[in-house]
Amino acid sequence: MKFDIILKFLKDINKNNNREWFEKNKPRYVEAKNLFDDFLEALHKELLKFDDSLGGINPRKLAFRIYRDVRFSKDKRPYKVNMGAGFSSRGKMEQEPGYYLHLEPGKSFVAAGLYMPNPENLTKVRQEIDYNADALLKILKDRKFKKYFSGLDEFDRVKTAPKGYAKDHPHIDLLKNKSFVTSHYFSDTQVKDKKFVKQVAEVCKAVKPLNDFLKEAIQ
């Protein structure tokens with residue numbers, strides 16, 4: 001199956017993360033990248049069935065580069081060990097809610113929401129939560145959402161109450177977030193399954209209400 005080829009390449013580049021190996025294996029990368037773009041095209045068709053905001057994007061241009069930016073990183077490995085792509089109305093989730101697909105052996109997942117919003121958008125989302133937390137809580141408690149997600153990921157939060165909000169605010173746990181993202185993981189067996197595109201789309205459909213809430217907040 002095509003994902004065997006992608007996962008095998010990613011396993012190998014993880015073990016051989018250097019330019020000499022990559023250049024020798026460039027045809028393998030090109031094959032894996034083309035297969036990934038094929039999958040993004042198929043997934044885009046599925047997403048359009050319930051999210052027409054994605055109608056104006058080219059799915060074959062949504063994948064992120066495999067080349068790492070090492071200028072300010074202690075990790076000088078030149079290549080990523082995953083393949084990722086972002087779906088949102090303007091493209092790759094740049095300051096807007098959307099869906100993110102991440103393929104990596106043993107660590108594949110789909111995420112959705114708003115990742116690292118700028119100060120203006122962060123302020124808007126927090127204001128929306130302050131005014132309308134019940135709507136967000138309803139989404140997070142919905143049966144379809146909870147089938148795949150346990151809540152908002154907690155990787156990007158302030159330790160105390162954000163400026164302008166009391167420590168005893170009834171929704172302080174939501175307000176502490178600086179990113180508003182949730183994730184669902186897939187095993188390698190699931191990734192290789194011929195129904196994987198349908199499974200990813202089903203997960204994205206379940207999380208669309210969260211994206212809708214966040215879109216409304218930052219308008």
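The values are calculated or read from the model by the stated rules, or taken from the named source; none is laboratory data. Computed from a predicted structure; not experimentally measured. Reconstructed Cβ throughout: ideal geometry from the backbone, glycine too, with neighbour counts over all protein chains shown.
Just one of the listed residues (163, 159, 176, 195) is surrounded by 13 or more Cβ atoms within 10 Å (Cβ to Cβ) and among the basic types (Lys, Arg), and it is 176. Put simply, of 139, 129, 172 the only residue that is modelled with pLDDT of 95 or more, touching a Leu at 6+ places or on another chain (Cβ under 9 Å) and over 20 Å from residue 51 (Cβ atoms) is 129.
Evaluated against (1) farther than 21 Å from residue 140 by Cβ; (2) in contact (Cβ under 8 Å) with a residue 12 or more places away in the chain, residue 93 falls short on exactly one condition, (1).
Taking (1) touching a Leu at 6+ places or on another chain (Cβ under 8 Å); (2) surrounded by fewer than 15 Cβ atoms within 10 Å (Cβ to Cβ) in turn, residue 185 satisfies each apart from (1).
Taking the conditions exactly as written (within 30 Å of residue 212 (Cα to Cα), at pLDDT 95 or above and under 16 Å from the mean Cα position of the chain (by Cα)), does residue 62 satisfy them or not? So residue 62 passes the test. Being surrounded by 17 or more Cβ atoms within 10 Å (Cβ to Cβ), in contact (Cβ under 8 Å) with a residue 24 or more places away in the chain and over 25 Å from residue 149 (Cβ atoms) holds for only one residue in 99, 79, 115, and it is 79. Evaluate the following for residue 22: is it surrounded by 15 or more Cβ atoms within 10 Å (Cβ to Cβ), in contact (Cβ under 8 Å) with a residue 24 or more places away in the chain, over 18 Å from residue 188 (Cβ atoms) and not hydroxyl-bearing (Ser, Thr, Tyr)? Judged against the criteria, residue 22 is a match.
The sole residue among 73, 88 that is touching a Gly at 6+ places or on another chain (Cβ under 9 Å) and polar (S, T, N, Q) is 88.
May I ask you to list the residues in segment 1-32 that are more than 23 Å from the chain's Cα centre (by Cα) and among the aromatic types (Phe, Trp, Tyr)? Listed by number, the residues that qualify are 21, 22.
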